[in-house]
Amino acid sequence: MLHTLEIEHKPQAALVWLSRPDVRNAVDAQMVQELTETYASLGRDSQVRAIVLAARGIAFCAGADDAWTRETAHGGEAAIRADAAACGTMLETIYRCSKPTIVRLHGACMGLGMGLAAACDIAIASSQATFALPETRLGLIPSIIAPYVLRAMSPRDATRWFLTGETFSAAEAWRIGFVHGLSEPDSMDMRIAALVDTFMLTAPDAVAATKVLVQASSGRPVDDTTGGDDLPAGRILASPARAAADGDGGLGGRGPSMLNGMLDG
């Protein structure tokens, strides 16, 4: 039984809701465990073609839960290391999930919440959303989320926001590449549903292998080994018949799943 999340299964897609609205969806140990297990499970589910991460209430995520942070600090170095490792596993599980992962951002997105967003493949934000990396103002360093934030914006931009801890706008998040698109609040659900539908036109095996390819190739120099047999590029079309059966992609497979309104309610 889930205590911090709600899961909705739509036709060929899953919607994962952060559901601690009374604390602006601040992340605690229970949520870390539930997100890790949920994304691992959905990644193995052949019926799921895309995963959307969204949040109940007025904010996407206010970062790490204050009570959890204090409890961990009182537990000493061993507790701090254990919780940090659990958060790292959660972010890596989301990042390496074989399914396309989309995040729907509204309200405040802070600290560990930005780590969750950066671990997803595609980020769409409300034009009214705000962002912050406030760790330095709390006497902390953003060691757990830094690898993911640094893949979602340039090191120079990350340095600016990491060091100051200032809040920045959705427009700025889009300008620096942290989010892929902005939407007015009343049209976000339609925007997300249309994006999910695009994955009904792709072959799941090709999508999964492409994610591995991108992750393995990131930062790799371009030379005569790029795209070699050690990367999935040479193996991605090993089974065109299966690709045709699993997704359209111009090969005549299944079409869109008609997910308009998938976020209603």
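Read the figures in this text as sums done on the coordinates, not as results from a lab. Source: prediction; values computed, not measured. Cβ coordinates were reconstructed from backbone atoms using ideal geometry, including for glycine residues, and neighbour counts include every protein chain displayed.
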Neighbour-count ranking for Phe131, Phe199, Phe162 (other C-beta within 10 angstrom, fewest to most) reads Phe162, Phe199, Phe131
Residue-ordered couplings for the stretch 164-177, obtained by feeding phi - 60° into the Karplus form 6.51 cos²θ - 1.76 cosθ + 1.60 and rounding to whole Hz (Gly and Pro as x), are 8, x, 6, 7, 10, 7, 4, 4, 5, 4, 6, 4, 8, x
Counted neighbours (other Cβ, 10 Å), sorted fewest up, put Phe178, Phe168, Phe60 in the order Phe168, Phe178, Phe60
Note on the stretch 5-195: alpha-carbon gyration tensor, axes a ≥ b ≥ c; rule is a/c under 1.5 for rounded, else prolate if a/b larger than b/c, else oblate; result oblate
By the C-alpha gyration tensor axes a ≥ b ≥ c (rounded if a/c is under 1.5, else prolate when a/b exceeds b/c, else oblate), the shape of the stretch 69-139 is oblate
Simple spin-label estimate for Thr164/Ala84, 7 Å along Cα→Cβ, in nm, reads 2.7 nm
